Amino acid sequence: MKHVIIGNSAAAIGCVEGIRRQSRRDEIVLIASEAHHSYSRPLISYYLAGRTDLQRIKYRPDSFYKENNVTAMLGETVTALDPAKKTAVLQTGKSIGYDKLLVATGSSPVVFPAEGLEQVAHLRTFTTLEDALYLEQAVRPQSRVLIIGAGLIGLKCAEGLLGRAASVTVVDLAPRVLSSILSAKPAAIMQEHLRQHGIRFCLGTSAAKFYRYRDAYHAQLQDGETIAFDHLIYAAGVRANSSLVKEAGGETNRGIVVDAFSRTSLPDIYAAGDCTESLDVSSGERKVMALLPNAYLQGEAAGQHMAAAGGSPRSFSEAIPMNAIGFFGKHILSAGTYPSGEEIEVFEEEDGEGGYRCFYFNKAENRLAGYILIEHPVCAGIYTALVRERTPLTAEQFARLRENPGLIAFSPEVRAAVLRKKEAQA
Amino acid sequence: MKKIFVQEEWCLGCRLCEYYCANANLGNGDMAKTLKGKKIHPCIRVEDDGRISFAVACRHCEEPLCKKGCITGAISVVDGVVRIDQNKCVGCYTCILSCPYGAVVPSEFGVVQKCELCLQNTGGTPSCAAHCPNQAILFTDEEVPA
Ligand SMILES: Cc1cc2nc3c(=O)[nH]c(=O)nc-3n(C[C@H](O)[C@H](O)[C@H](O)COP(=O)(O)OP(=O)(O)OC[C@H]3O[C@@H](n4cnc5c(N)ncnc54)[C@H](O)[C@@H]3O)c2cc1C
């Protein structure tokens, strides 16, 4: 059996490890545009901040491809798939045959057109190690950095660059930071924390036009303010790289549509990670959940299914949005969804020391739908499991868990399954 | 492979396991000198509601969500033991977010820590089990009947 994997990041590596759990012998060819050894994409901002280096940023050891008997074709781009002939076509024109194929092409940053944007020579997005290496050279202590986008990537970039630049300003159309993962109050707590560390914000507005005047670039904001800058970083969102599957006739929406085994609508073609759209079990909706743990798990499930004769009993049906992210030492942990409505009870509290906890409890279904914690990380995974497993909870159990996350809120049988068995079964 | 198993009916709630764990992580010196009057940072946690008590430490899962979700690749499984490379870890807390048992915790040195069966300090004899006065914590090959 010959497996071809397109990509070399979390989903692709998960697939290699999933295949190898089933079979030591199957052939694996891995093709990726980026010429680097597999690296941790989220660490590119840590690299700029000096908190990792080019060796430690590697997602797997140097020996990974050799140990897993993988033929790695790094620096090669796949331009088309031919599901009838079962080949992947490279930019060089070469075709590579496969029995099973995984598309783990991730996502690409989007840059929306704006007047004068084409004149900004120092425009960069921030999603690759090359971007970090470029910024490491380009941004000088006297540089003024302007970042478009106050989401996860924009703020991570701001944190990474703050110590290298004269100033960092973040602009976003949304009225608050991290609007995709935080509600208003925790967003305000994080914004204030970031502001105290020296990041400047212009929220609820956008850059209407860009122009060059004297030695500097300028952004004129919708609200009238003008900001002079030397480097522009565009972090306003990413889009799933779904075109290979779409052009081959496969079903795509906002991402490549996959089932619980990570299969696309095309025979023997799987997809995993940021390029896909899958079921969020915490809300029952299909969405792109562009986060590393999901990418790995989805890739691993795909690999196990690809290599197992007759399909693996394992599937990946338990994806939920979940995120742990810290800025200047302050951590946010969140999972699930934050619905509103009559059946939702919201428990929100601040601890007066910059910490915050919020729970969204679905009274109709007696389960935790989602949570947001700022600080207070201990045992957060117990809440994540409640969200993912949709564990039924009595009001009393939930009250105990809210006060004190622990296994003690569960029955002795549940605890025994965790603490007395070889393979914990919670 | 030997793992830690916990029998809650034998747990006294004395929390000696927490102290022995914290002390083992600090080099196993004189416990009174090392820990007296300090906030301790054990990898094992006693849960106690006044009626029942028991200790919880890493289960070294066969499907470890902490390892699978680790954004840096700092968590690996070595001979069945889930281990963290402190040099690679950046302390993002994705493992804390992922562990269904609350067995990964922030470490006093900035990143995260979890039970590694004392491989990194006493050479593989978990101090919590060795010093549990009532054998509520066992380090064995066998599962403990419920
Ligand atoms: C700055 C930043 C911070 C982040 N922080 C976090 C965080 O804290 N927590 C978290 O969970 N997630 C975070 N993420 C998101 C996380 O990085 C992604 O979810 C994860 O990398 C997705 O992995 P993937 O394998 O699906 O795709 P990607 O990592 O995007 O990798 C795609 C791979 O496909 C290759 N490729 C693409 N097209 C082709 C082609 N046509 N031919 C050949 N190869 C191709 C690329 O070279 C690359 O190797 C962050 C992302 C960024 C940019």
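What follows draws every value from the coordinates through simple rules; no lab data is involved. Model, not experiment: these values are computed from the prediction. Here the Cβ is made from the backbone with ideal geometry for all residues, glycine too, and neighbour counts use every protein chain on show.
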**Request:** Before anything else, pin down the relative contact order of chain A: Cα pairs under 8 Å, at least 6 apart, normalised by residue count, whole percent.
**Result:** 15
**Complete:** Among trypsin sites (Lys or Arg not before Pro) in segment A:56-94, those in a DSSP loop whose Cβ has at most 13 other Cβ atoms within 10 Å are A:LYS85, A:LYS94
**Asked** Can you give the mean number of other chain Cβ atoms that lie within 10 Å of the Cβ atoms in peptide A:372-384?
**Response** 5
**Complete:** Rh_Kirkwood(segment B:5-125) over Cα pairs, Å, one decimal, evaluates to 15.1
**Asked** Where in segment B:66-133 are there chymotrypsin sites (Phe, Trp or Tyr not before Pro) that are in a DSSP coil and have at most 16 other Cβ atoms within 10 angstrom of their Cβ?
**Response** B:PHE109
**Asked** Of B:VAL46, B:VAL144, B:CYS128, which is farthest on the positive side of the dipole of the protein assembly as shown, counting Cα position, with +1 on Lys and Arg Cβ, -1 on Asp and Glu Cβ, and the Cα centre as origin?
**Response** B:CYS128
**Request:** Just tell me how shielded A:43-54 is by partners: mean number of partner chain Cβ atoms within 10 Å of each residue's Cβ, no decimals.
**Result:** 2
**Complete:** The answer for the net charge of residues other than B:PRO106 whose Cβ lies under 15 angstrom from its Cβ, with Lys and Arg +1 and Asp and Glu -1, is +2
**Request:** Over all alpha-carbon pairs in segment B:61-114, figure out the percentage whose distance exceeds 18 Å.
**Result:** 19
**Message:** Cut-off under 26 Å on the C-alpha distance; same-chain residues fewer than 8 positions from B:LYS3 excluded. Which lysines are left, in chain and number order?
**Reply:** A:LYS421, A:LYS422, B:LYS67, B:LYS68, B:LYS88, B:LYS114
**Complete:** Given unit charges at Cβ for Lys, Arg (+) and Asp, Glu (-), the dipole magnitude of segment B:61-114 about its Cα centre in debye, nearest 20, is 100
**Fill in**
Toy charge model, Lys and Arg Cβ at +1, Asp and Glu Cβ at -1: the protein assembly as shown dipole around Cα centroid in debye, rounded to 20, equals 960
**Item:** Most positive-pole-ward Cα, A:LEU90, A:GLY198, B:MET1, against dipole of the protein assembly as shown from beta carbon charges
**Value:** A:LEU90
**Asked** Given DSSP loops and a limit of at most 13 other Cβ atoms within 10 Å, what is the longest stretch of chain A that contains no such GluC sites (Glu not before Pro)?
**Response** A:1-224
**Asked** Shape of chain A from its Cα gyration tensor (a ≥ b ≥ c, root eigenvalues): rounded if a/c is under 1.5, otherwise prolate when a/b > b/c, or oblate?
**Response** oblate
**Request:** Could you size up the charge dipole of segment A:62-165 around its Cα centre, putting +1 on the beta carbon of Lys and Arg and -1 on that of Asp and Glu, and report it in debye to the nearest 20?
**Result:** 40
**Request:** Please go through segment B:43-146 and write out the trypsin sites (Lys or Arg not before Pro) that DSSP classes as loop and that have at most 14 other C-beta atoms within 10 Å.
**Result:** B:ARG51
**Item:** Relative contact order (%) - chain B, alpha-carbon pairs under 8 angstrom, separation at least six
**Value:** 34
**Fill in**
For B:ASP48, the net charge from surrounding residues (Cβ-Cβ under 12 Å; K, R +1; D, E -1) works out to -1
**Request:** Work out the mean other chain Cβ neighbour count within 10 Å for the residues of B:55-63 and drop it here as an integer.
**Result:** 4
**Message:** Cβ neighbours within 10 Å, averaged per peptide: list B:24-30, A:59-65 in order, most packed at the top.
**Reply:** A:59-65, B:24-30
**Asked** Counting DSSP beta bridges in chain A, what percent are antiparallel, to the nearest 5?
**Response** 60
**Asked** Taking Cα pairs under 8 Å and at least six residues apart, what relative contact order does segment B:61-114 come out at, in percent?
**Response** 31
